[in-house]
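Visitor: Have a look at this one.
Just so it is clear, none of the values below were taken in a lab; they were calculated from the coordinates. It should be emphasised that the depicted structure is a prediction, and the values quoted were computed from it without experimental measurement. When we count neighbours, we look across all protein chains shown, and the Cβ atoms used for this are built from the backbone with ideal geometry, even at glycine.
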Amino acid sequence: MQVTNFTQLIDWTRQLHQHLASALAQGGEQQQNKRTQLLLEALAEQEQRLSHTIKTFERTNDTEALDAYIPYLYSAFEQRPIDTQRIYAQSYSELSIAEISEVIFDVHDQVIDLYQQLVNESQVPEAQDILKSFLVLEQDAVKELANKFEGMNDI
């Protein structure tokens with residue numbers, strides 16, 4: 001996907017989380033281990049909420065500013081492509097909790113790295129504000145994920 005403005009970046013991020021939510025939910029339905037099934041369901045719900053939050057942001061913000069061409073967005077995606085194959089090709093019903101953790105944190109870490117790079121490269125305060133908002137959203141999601149995985153270890 002070619003990303004050259006904030007609307008495309010936000011939509012790409014929303015789609016990533018939406019697809020991850022669907023893949024996790026499907027894995028949960030097919031998972032034989034009850035503990036892992038519960039984890040997959042909880043992770044799917046979290047990814048769905050994150051996708052919904054991003055969708056709400058898309059609807060409530062100034063589309064003119066979001067649609068402006070931002071050259072460093074395209075170069076950031078070219079320089080540091082995010083490996084989405086891991087989430088699209090996985091059958092989560094066949095993974096252990098440790099393997100699920102590895103995939104989920106890897107994807108979120110890549111997204112955080114991308115947003116951090118974009119924050120660092122941005123020269124426009126309004127753009128930085130948008131990027132920082134999404135960076136914080138992703139960082140908070142990782143904290144919530146960590147809590148879910150820690151909770152599974154306590155069970």
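Visitor: Output the Kirkwood hydrodynamic radius of the chain, Cα pairs only, in Å rounded to one decimal. Walk me through the intermediate numbers first.
Guide: On the way: mean 1/r = 0.0619 Å⁻¹.
This gives a value of 16.2 Å.
Visitor: While we're on this one: Provide the descending list of Cα extents for the range 62-147 along its principal axes, expressed in whole angstroms.
Guide: Cα extents, longest axis first: 44, 27, 22 Å.
Visitor: Quick one: which residues, 5 or more positions from ASN5 or on another chain, have an amide H under 5 Å from its amide H? H modelled 1.01 Å from N in the peptide plane, none for Pro or chain starts.
Guide: ILE70
Visitor: Around ASP11, what is the net charge, scoring Lys/Arg as +1 and Asp/Glu as -1 over all other residues with Cβ under 14 Å from its Cβ?
Guide: The answer is +1.
Visitor: For every other residue with a beta carbon closer than 15 angstrom to the beta carbon of ALA98, add +1 if it is Lys or Arg and -1 if Asp or Glu, then tell me the sum. Intermediate values should be presented prior to the final figure.
Guide: Values: positive: ARG35, ARG86, LYS148; negative: GLU94, GLU99, GLU102, ASP106, GLU150.
With Lys, Arg at +1 and Asp, Glu at -1, the net is -2.
Visitor: So what are the radius of gyration and Dmax for the Cα set of the range 108-155, in Å?
Guide: In order Rg, Dmax, the Cα atoms of the range 108-155 give 13.7, 47 Å.
Visitor: On a 0 to 90 degree scale, rounded to 10, what angle separates helix 97-121 from the longest Cα axis of the chain?
Guide: 10 degrees
Visitor: Restricted to Cα positions, what overall size does the range 1-78 have along the principal axes? Three whole-Å values, descending.
Guide: Over the range 1-78, Cα extents along the principal axes are 47, 29, 12 Å.
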